[in-house]
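Accompanying notes for the structure given below.
Values in this text are rule-based calculations from the coordinates and carry no lab data. All values derive from a computational prediction rather than experimental measurement. We place every Cβ from the backbone using ideal geometry, glycine too, and count neighbours over all the protein chains shown.
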Amino acid sequence: MTKTKITMMAVLACLASFALIATTSFAAGVGKDGTIVAKKGKATTIAELVAMYDSTGCIDCHEDIHDEWANSAHARSVYGTGRTAATMKTALENGVLSWAYSGATKPEDVEVDHLMGCAKCHLPQLADATDAVAKEFIADIYALMDAYRNDDEEKFDEMKDTLLSLNINCLVCHNRMAITHKWTDGYPQDGAVYGSYDGEHDDEAFPHAKVSPIMSESIFCGQCHGLGPNFELDNPTQCATAYGSYLWAYTAEGGTETCQECHMEKSGLGHDMQSYRSTVMSDAAVDFEVEAYGAKWRDGSLMSPKAIVKVKMTNRTGHAIPDG
């Protein structure tokens, strides 16, 4: 065998080794191939993404819980009151499209990565979709806003319904986000719902019930209602910091209640997760004390009487207010 052939074989062997590393390193973690997205493949349309995490079958056995959820902020995590979708448009235009190295200068350039600053929490399953879905998503938000400005009720309702179909539903919480430490506790598997017990689950599409080690712990909520800057993103953003203040200002001072105990149990709201607009939450969160009296200083013909108002606000929650 010539020296040239030996050299060529060595080069090919190195390339083969590199290719093996490149293809296998992406799939690090045992059981990753059993997740919903691994089994079904990435969604290529919004309709496919909705179908991938379709939890309408849960209504048959959990109607009361579903009704609670349907009234919650989680059920409209993208549309919100209408303001959430509009804010995503503003964040895109004032952020991503203005950043010199984002690779996007117009809405049609948008890819999934460009949206994860918002979608990480408002639509985490977007990571299980192709860039075509990101483009469709942004186009629908623009269409919603255009229809609003043009008083096109039919188009507005169509886009609103599409955006409302994208939300934080049963499977997002009870499957996709149910395990944080995947190399310790395993990857969430297709065909399983995660909660408080292991066993059978009376659902043809999800016949297995499995324990989530975090479902009743604050760290579960902290995946979205987070610590602060999202340093895992190529362009970190600062948004929700509730879990961070919960850890460093509440539990560090001896606080023991979890997010679920306050927001689900003590509130009586269950899965009807509400924001600051809910009087149930605001009344429990903040104490107001107001003291007011009138005062007349010096010559009343020259100086107007004054009202002196003292306001004392006490935060009774386990985290900073306002936050999210």
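Ranked by the mean number of other Cβ atoms within 10 Å of their residues, highest first, the peptides 125-137, 93-105 come out as 125-137, 93-105.
So what is the diffusion coefficient of the range 221-324 in µm² per second by Stokes-Einstein at 25 °C and 0.890 mPa s, using a Kirkwood Rh over Cα pairs? Rounded, D is 147 µm²/s. Beyond 17 Å, how much of the Cα-Cα pair distribution for the range 55-100 remains, as a whole percent? So the portion of pairs separated by more than 17 Å is 53 percent. When only alpha carbons of the range 35-165 are considered, Rg and Dmax amount to 15.4, 51 Å.
Amide H contacts under 5 Å for G195: K210, V211, S212, restricted to partners 5 or more places along the chain or on a different chain, H placed in the peptide plane at 1.01 Å from N. Of the two radii for the chain, the radius of gyration is 1.10 times the Kirkwood radius, both from the alpha carbons; that is the Rg over Rh value. In the chain, helical runs assigned H by DSSP with n ≥ 4 each contribute -39500 (n - 2.57); averaged across all residues and rounded to the nearest 500, the mean residue ellipticity at 222 nm is -10500 deg cm²/dmol. Which net charge results for the neighbourhood of K120, defined as the other residues with beta-carbon distances under 15 angstrom from its beta-carbon, given Lys and Arg at +1 and Asp and Glu at -1? That sum, taken over residues with Cβ under 15 Å, equals -4. Computed from the alpha carbon positions, the gyration tensor of the range 125-272 leads to an equivalent ellipsoid with semi-axes of 31, 23, 17 Å, biggest first. Membrane-span-like helices in the chain, defined purely by DSSP H runs whose alpha carbon atoms cover 30 Å or more axially and whose average Kyte-Doolittle hydropathy reaches -0.5, are 3-25. Computed from the C-alpha gyration tensor, the three semi-axes of the ellipsoid equivalent to the range 26-74 are 28, 14, 10 Å, from longest to shortest. Put a plus charge on the Cβ of each Lys and Arg, a minus charge on the Cβ of each Asp and Glu, and nothing anywhere else: the dipole of the chain about its Cα centre is then about 1580 debye. Taking each residue as 0.36 nm, the span from H181 to T237 lengthens on full extension beyond its C-alpha to C-alpha distance by 17.8 nm.
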